[in-house]
Amino acid sequence: MRLSVNNKKEEAHEDCIWSAGWAPQGSGHTLFTGSVDETVKSWSEDISTADNFTGHTLGVVSIALHPSGTWAGSSALDSFIRVWDITDLSLRAQIETPPSETWQIAFQPNSAEPVVAAAGGSSNKITLWGTSTNDGEELRSYRLPVGEDKHKRDKFVMSVAYSPDGKLIACGTQVGTVAIFDVEAGQLVSVLDGHYKPVRDLTFTPDSTMLLTACDDMHTHLYDVKQASLIEAFSGHESWVLSVSCHPSGNAFATGSSDAKVKLWNLSTRSLEQTATEHSDQVWGVAFRPDGQQLASVSDDKSVVLYSFSD
Amino acid sequence: MMEEEHIYIPVDQSEEVVAVPLSNLPEDPEEIVDVLKAEMVPFSLWVDFARAYLAQDKIPQYQRLLSFGTEKDVEDFYRGKGTFESIQLLCELAATHVDAARAESNKSSKTERFAKAADLLSTARQLDFHEQLSSIGLGELALARDDIEGAKREFQQAARHRSNGKENIAGILMLAKLHFRQSQYADALKLYKMALRRHPGCPPHVRLGIAFCHFHLGRPKLAEAAFNRTIALDPHCSSAYIGLAVLSLNSGTKQGRAQGVHLLYEAFESDPSNPHLLALLSQHCLVNDCHEEARQLAAAAAELAESDKQKAKCVMLEGRAWHALRSAREAARCYTQARKLDTKLPLPHYGLAQLNLLQDQSFHTSINLLETALQQVPGWQDALQVLGQLYSKMPEKAAKSLAQFREAAARSPSSMEVWEMLAELLAATDPPGSLHAYKKALELYRAAPHSSDSAPHAAENGHTEPSIHLNPKLLNNAAVMHMRGGNFQVALELIEEAIQAAASGDAVSNVTASSQVTMGYNHARLQESCGRRREAEVSYQRILQEFPGYVDCYLRLACLQGRRGDLPAAHEWASKALAASNNAPDALAVQASLYLADKDKSQWDKAKEILEKKLLGKHENRHDAYAQLALGNLFLNSISHSAKHPGSEDRDSKQFTRALALYKRALEQNPGNLYAVNGIGAVLAEQGHLTDAHDIFGQVQEVSAASEGFFQMPEASVNLASAALAQQNFAPSAQLFQSCLRRHFHGQSSRVLLYLARAQYDANRLLDAKKTLQRAIHCSPWDTTLAFNLAVVMQEYGVRELKKERRAGDPNKLTELTAAGVQLTQAWRLFTFHKSQLDRLGKHTVPVDKKKLAAHLNFCNSTFQKAQVLVKEAEKEEEAADEVRAAAQHAIQLAAQARQAEVWAREQKAEQARLDREAAGRQQAAKMERLKQDWRDNEAARQAAEQGDASKVDRKRKKDQQAAAEEAAFIEPDDDLDGAEYQPGDESDDGQAGPADDGNEDEGEDPAGAAASLAGTGVSGLMSDSEEAAEPAAEVNEALEPEVEVDGQEAEPAAGPSSHKGRLKRHRHPDVAAQPETAAPEDDDMDSDGPQDDGAQAAKRHRAALFQDSDDE
């Protein structure tokens, strides 16, 4: 399998780009990027032109796309979550959360109305926000167990991901905790061991049986969700792993790192396939297009790169 | 000249002759002299008799006869009749003096002899200035006096002159010999050939000369032919046999060697007393491990040696034989004697140096001996090799002969060994140079035919050059050097190649088991450096399975786990290392480092105890540089904590002193320890000597920059930038922080980002500071200090926008004021958050106290109110301005229309005039065309105006929304605060930004009055610490205060092969060393990955050293 550079957009934003996501199939192949320049952009297919979503007053940390292809969500350092209608660029909801209590966000996959799950930062939980009103409303939360260690600070919850089947929700924290909850029952299902440093991104495999994590310990872990056990630790990046995206086929995944590199890994052979060095600064986001034919990566170097993926 | 058995003396004035039988020469030459005088014989008979004595080795008689012959009366008698004979006698007598002088050890009698010879020779010369003999004699004399130039002059003259009126090649031959001795073989060859041409029937030794010249010029075929020709002419010429033997021996083939030995023995049969031959045989025996025979032969050769020089060689051979027989005393005696006989002979120095080492005497003596040897034979590989190893143990001595090594390498651009040696030697002192040398050696290695693939090829063309064997050592060491230079990928490939080479079984030396393990370790180490940590872990564990005593593997595993953040697992590995190594300093260092890496600072005491008691407290570890630096850093860091608390000055100054003492000690042991230098800089900075500190950091950084990636010290760059900041050089400081972020921290260190933000803030680049802080928060969102500082920057930005002097009708006013309001709101939100954290979770979660937070909140609030007022004003102004603008636009439009009408009217008139001349229809068409054009222009203008309005409307709507949000957010507007008081103005920073304590400098720049008027404003974030807690600003300072960091890593103290393991080992795990720096309270989550790599490299170097050890005998 191979990635080959397809398109590169320099100066895609005015400042560092921190997140990327694709609108689901059916609504065209639209890439969304969020930047410290306080904007979210939705790109034309050849990433030559973009529409701007403005409103955040600090850098955009995270972007999420609703499976319906109708809504995009973004969270920023201003601790607002904004939900937009992709079709007419209008704002659906603008949820103000307490400072430092929102980091990565994810849409609940199987809800008709958009529901946003937010990694709750210093609140030590995942919070679900409904968007039926403009201000949003807190629907429920999944609280992390409090550690016995008194000296440990609050676990800052950094990352959140739903399993594609919508049954599970997982989060990663600053101290390496990876927790999985049952979405419906709200119970903690398991805590996955192995990381001790910030887990900045995680994603389930398409069949919802395994979980991939991106951690500052420079490793990506592959966990068996049911057994709650570590299957494999992938090392190769020379700095923090910031972002991970799984190919829809479930055969490959990509990672982006502070070492400015993008790596492609083979999930069947559990080995490194390729290292791409298109970026000159930290790669904060990698994302496979839902049809699996392309990968996007975004970086502090302000550029967006599209790669064709071939088996 | 001489008849067969008799010399016949003609009896004066008769036909008779008296036959004197040679076998019966009188013991007293006077008898002969009487007869010679009485019979008035031809002068030549004198010469004949003298030579007869000489031929019978009756030297005293010979000399006496010569003396008689050169006496005044005899000379007078023969004057005019036997000038040549007279010269002959004089020269021969002179020669006996020269010989005697050579053998004479007493200096004054030596000089006396020389003087006599010179006297005789000058008499001879005066007899006939064109006689060759005297020139030759004078040349020999000059030679004996070591006056090569003089000898050359005389011999050149001799070559031009004739002997007794006849042409004689003797002069040419002497000159040739001289050139030969001076190793000017080409010149010598030319002369020999000339002699041969002039005198084809010359004695065979001319051909011998030609043969040896060819031999030395590297033309074995020609040499061989000449030797054979010599033997054809003189079947007993042992020198020719020896020459042939040497040629055969040098052929490199087994057959050749056998033939060579055969020839030697043949020559020995015919000439058993030829010292050359004996020496050669001895050498042959030496090579073949027949040491006793070699010794005997050498001793015999020494007895027979014709000159001191030759004797020296023979004695030296004898010494080598003794050396090989392991009789060090005898060997030393011989070497010493040989050295005395010929001070220029290099081998005895070399031998003595070896003996010295064997007996474990001082390296100094050996180094001196080798250096002397190298003066004689510059670039002598063997000596350089031993010297190289010695230097690596005493790097301070290396500088002296380093140039020689470099020259030797430059002279042998194709010798892999020389380059490899240079590389090994430079490894300690000049890593980039070493890397360069390794690259060159590798290049040669790759270009050379390898034994496996070239054997048939070599046999084919009879090429004698031996093919190069696989050389895992070279590959390994080159890999290590590449690793030190940060080229991990290249290094990994090399080490893989090395392992392969070692496994192929065709290695240059038998790869010992231990070096194979070392290569395995190096491989794992490089996997680690290349980011393949998982594989490295597996590799280390595999090594441990086989060699449970391989402590370094435990330590690397401990470090790996530590870096992953799994401290318990790391401690477990460290304990295993301690157990396996019986508390080796390295293992202790790692353990200490793990405690230092703990977020729980109570663990630091454990680290301190290890460093103080178990490392520095123990005699054998007291020089452990890591412990010195780490402990120094620990002391220094505890100062930065107490600096803020009044009354701790005493304790602080004690800590300064302790830290400084430790750094100094480390520096004394290794003057190149830049970490210690950096530490001293940090102490100076903490004490307020900013200029000095800045200089020191600058120098450290320069060294680092000049090292081509071999020495990376990010902390020095951070410190340099911090010092610049403290000196209020904001722009350069920001630039330094930025470049150091890029170069060393993958742009991800929130600590350095925070410092950068501070520099940008001070440089009045508030928006940049805001962005930088956002990046920092993005890296460490849990760090409340960052958020707090972001709030301060936004507050300040808002205030400045409000306070900005604006010219009337500034079109940006409203937008900017609105933005200011947004900033203030954000700041207020963040302060509120801090307050809630403080209330909810307690003091440790927030970098400021309640009072200050309240002050910030109040200030934001009130400023926001003011902003609101200003925004409303601005809106009104804007509306008014809009009206004015609209009116103006209207007027302009009207004017334009009027103008247009005028133009039109004018044109109409003109048209009217033309109408008279032209057809009416065409005129009408043209007019219509113009009318249409004008209409289009007007339409475009109107559309543009409409669009402008639309955007204005848009903006207004947004503004209203935000204002509403802000009003909702601010609960208690406080109207007391007057705008005039919030002048962020020109308070200077007072140098607090940096590590300097306040109060030490810049007195008077922040007068109390000025500060007082600012109390409670909370605007500036720039006020002095001495102000009361009322201003949040003070805390801002603290929060933004870049601490001068110290880095516990030591500069690498010359790695290299060494038996002093302790010395090498101690810099194994500076991983940890970087940790004390994280003492800054806000930064414990910060990692110091760069330095850790350095530490790992040190460990790696250590391995390399061990490997070299194991390979070198």
I'd like the FRET efficiency for B:S653 and B:S739, computed as 1/(1 + (r/R0)^6) with the beta carbon distance as r and R0 of 41 Å, rounded to 0.05. 0.75
Among B:194-207, B:877-890, B:823-836, how do they line up by average Cβ neighbours within 10 Å per residue, starting with the highest? B:823-836, B:194-207, B:877-890
Okay, which of the stretch A:45-66 sit inside 16 Å, backbone N to the point 7 Å along the Cα-Cβ direction of A:D291? A:45-47
Show the residues, 5+ positions off or on another chain, whose built amide H is closer than 5 Å to the amide H of A:G285. A:V298
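Among B:K439, B:K876, what is the fewest-to-most ranking by other Cβ atoms within 10 Å?
B:K876, B:K439
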Report the Rg/Rh value for the stretch A:14-240, based on alpha-carbon coordinates and the Kirkwood definition of Rh. 0.95
Which is the longest stretch in chain A that no exposed loop site breaks, taking sites as GluC sites (Glu not before Pro) with a DSSP loop state and at most 14 other Cβ atoms within 10 Å? A:185-311
When you look at the Cβ of every residue in A:229-240, what mean number of other chain Cβ atoms sits within 10 Å? 4
State the extension gain, in nm to one decimal, for the chain segment bounded by B:K909 and B:E609, taking 0.36 nm per residue of separation less the distance between their alpha-carbons. 97.3 nm
Counting alpha carbon pairs within less than 8 Å and at least 6 residues apart, what relative contact order, in whole percent, applies to the stretch A:14-240? 10 percent
Okay, which of the stretch B:123-146 sit inside 13 Å, backbone N to the point 7 Å along the Cα-Cβ direction of B:N164? B:132-133
Quick one: order B:R564, B:R758 by neighbouring beta-carbon count within 10 Å, fewest to most. B:R564, B:R758
Restrict the search to the stretch B:61-144; then list the chymotrypsin sites (Phe, Trp or Tyr not before Pro) that DSSP places in a loop and that have at most 15 other Cβ atoms within 10 Å of their Cβ. B:F129
Percent relative contact order for the stretch B:175-215, counting Cα pairs under 8 Å at least six residues apart, stands at 39 percent
D (µm²/s, integer) via Stokes-Einstein for the stretch B:63-192, Kirkwood Rh across alpha-carbon pairs, 20 °C, 1.002 mPa s: value 143 µm²/s
If you filter the stretch B:48-116 for trypsin sites (Lys or Arg not before Pro), then keep DSSP loop positions with at most 14 other Cβ within 10 Å, what is left? B:R79, B:K81
Provide B:Y797, B:Y626, B:Y265 in ascending order of the number of other Cβ atoms located within 10 Å of each residue's Cβ, fewest first. B:Y265, B:Y797, B:Y626
Give me, ordered by chain and number, the residues 5 or more places off A:L192 or on other chains with an amide H under 5 Å from its own placed amide H. A:V178, A:A179, A:I180
Mean separation of Cα pairs under 8 Å and 6+ residues apart, divided by the residue count of the stretch A:91-184: what relative contact order is that in percent? 24 percent
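Within the stretch B:232-315, which GluC sites (Glu not before Pro) sit in a loop by DSSP and count at most 13 neighbouring Cβ atoms inside 10 Å?
Those satisfying the criteria are B:E306.
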Can you compute the FRET efficiency between A:T275 and A:L230 using 1/(1 + (r/R0)^6), with r the Cβ-Cβ distance and R0 = 22 Å? Round to the nearest 0.05. 0.40
If amide H atoms are modeled at 1.01 Å from N in the peptide plane, then the residues at a separation of 5 or more from A:A252, or on another chain, having amide H under 5 Å from its own are A:H247, A:L267
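Quick note: the coordinates plus some simple rules give every number you see, no bench work behind them. All of these numbers come straight from a predicted model, not from anything done at the bench. With ideal geometry, Cβ positions are generated from the backbone for all residues, glycine too; neighbour counts draw on all protein chains shown.
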